[in-house]
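Contents: one structure, followed by commentary.
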Amino acid sequence: MILHPGVLALVLGALGVTAMMLYASLLGIKIVRKWDIHSSSPEQLSLERKTYLISTIMNYVLGFEILSALLFVYTVDDVHPIFIGAMCATGSLNANPVGWYVLYTKIAAFFLGAIWIAVNLVDQRAEDYPLVRMKYCMLLAITPFIALDAYFSWIYFVDLKPNVITSCCGALFSAEGSGVASSLASLPLKPMMILFYLSVSLLLINGVVTVCWGNRFFRYLMGCFSVLLFVVAIASIITFISLYFYEIPTHHCPFCILQKGYYFIGYPIYICLFSGVLLGLLVGIFEPLKKIESLTKIIVKAQRRWTVISMVLIAIFTVICSWPILFSSFTMAEYF
């Protein structure tokens, strides 16, 4: 194993998080089976105290899991110089292909963990705690992802060998290569630019309509447009957005923009994208829960806040991505 502070933090953190998730899941099974808010029995009172304990633990545990996604990307980028042929995080991930599975599970854990935290916060604001069974069933579903993340993280970092020869991002994200990454890199620029700005416009316009008129249909659309934008935005970063930051028409890597040479611009790009998409997704996810009388007012206020913040974050993301396209001397006009 590479003795890097980030590596040690990720491995030890993943093991600790998994242990606490398993403990919470065992208690969660009991809560799902025996929870009765209308009962005043000693067992119910004990369960209520345990829910406060578990909720506090899970907020910190899942909060760490969310931040670990960012730490993982930073760490694999930071250790890339020890691998021959690596230019960025792509080389570190290719040094042991399990690293890609770690990345995918961390993205899944980011969204699932954040959704659970949102459900827990909304539930705790209601007097009758109507989502207790739901959130602990969710907890049982999330635990395998967390355990899988810990397993992949351990396998990935333990098997990383310094000075191993690996492939760089230029080989993986090449328009002439094969695979998903190469397919995204070879997509036509003009149609992708149109699709990207159309997706952003749909989300922002729908967000304005949702805030001003609050129609249920548009709240569901907010969640749908968020998912659409996430897929289109990731593809667009690889296809054309990254080119304008690198000012190289053949460099499609989505990781190099995280480096100092590009002023770490990738971090605000990805933070705004992931956070904006998550909040927009929450608007649609929570709409069915408004049928619960004790949650209606709580969710209405939360949806309005989530929608506004989501639009702000997506707008910032779009401005950052568009800045070099509009104001850089670099042009891709001959490739349209």
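The values are calculated or read from the model by the stated rules, or taken from the named source; none is laboratory data. Computed from a predicted model, the values in this text were never measured in an experiment. As a convention, Cβ positions derive from the backbone with ideal geometry for all residues, glycine included, and neighbour counts pool all protein chains shown. Ligands, DNA and RNA are stripped out before the accessible areas are found, and what is left, the full protein with its side chains, is counted by its heavy atoms. Shrake-Rupley method; radii C 1.70, N 1.55, O 1.52, S 1.80 Å.
Could you state the accessible area per residue of region 28-97 in Å², with a 1.4 Å probe and every protein chain left in place?
47 Å²
Need the full-extension length gain, Arg304 to Leu326, defined as separation in residues times 0.36 nm minus the C-alpha distance. One decimal, nm.
Full extension from Arg304 to Leu326 adds 4.7 nm.
Grab the beta carbon distance between Ile57 and Thr296, set R0 = 30 Å, and tell me the FRET efficiency rounded to 0.05.
It comes out at approximately 0.55.
What residues of region 85-129 lie in the reach of a label at Ile234, counting those whose backbone N is under 14 Å from a point 7 Å from the Cα along Cα→Cβ?
Within reach of a label on Ile234: 100-112.
So what is the relative contact order of the chain, in percent, for Cα pairs below 8 Å that sit 6 or more residues apart?
Here the relative contact order equals 18 percent.
What is the extension gain from Asp36 to Ser201, computed as 0.36 nm multiplied by their sequence separation minus the C-alpha to C-alpha distance, in nm to one decimal?
Extra length available between Asp36 and Ser201 comes to 54.8 nm.
Can you tell me the FRET efficiency between Ile248 and Val158 if r is taken as the Cβ-Cβ distance and R0 is 35 Å, rounded to the nearest 0.05?
0.50
What fraction, in whole percent, of alpha-carbon pairs in the chain exceed 31 Å separation?
In whole percent, the share of Cα-Cα pairs in the chain beyond 31 Å is 41.
Which entries of Lys50/Lys297; Lys30/Lys135; Lys30/Lys290; Lys190/Lys260; Lys106/Lys291 show an alpha-carbon separation above 25 angstrom in the structure shown?
As for pairs spanning more than 25 Å Cα to Cα, those are Lys50/Lys297; Lys30/Lys290; Lys190/Lys260; Lys106/Lys291.
Full-extension gain between Phe217 and Tyr262, please, as 0.36 nm times their residue separation minus the C-alpha to C-alpha distance.
12.1 nm
Viscosity 1.306 mPa s, temperature 10 °C: Stokes-Einstein D of region 1-57 from its Kirkwood Cα radius, in µm² per second?
119 µm²/s
How much solvent-accessible surface does Phe217 expose, in Å² to the nearest 10, with a 1.4 Å probe and all protein chains in place?
Here the residue's solvent-accessible area equals roughly 120 Å².
From the P(r) of region 179-336, could you give the percentage of C-alpha pairs in the tail past 21 Å?
48 percent
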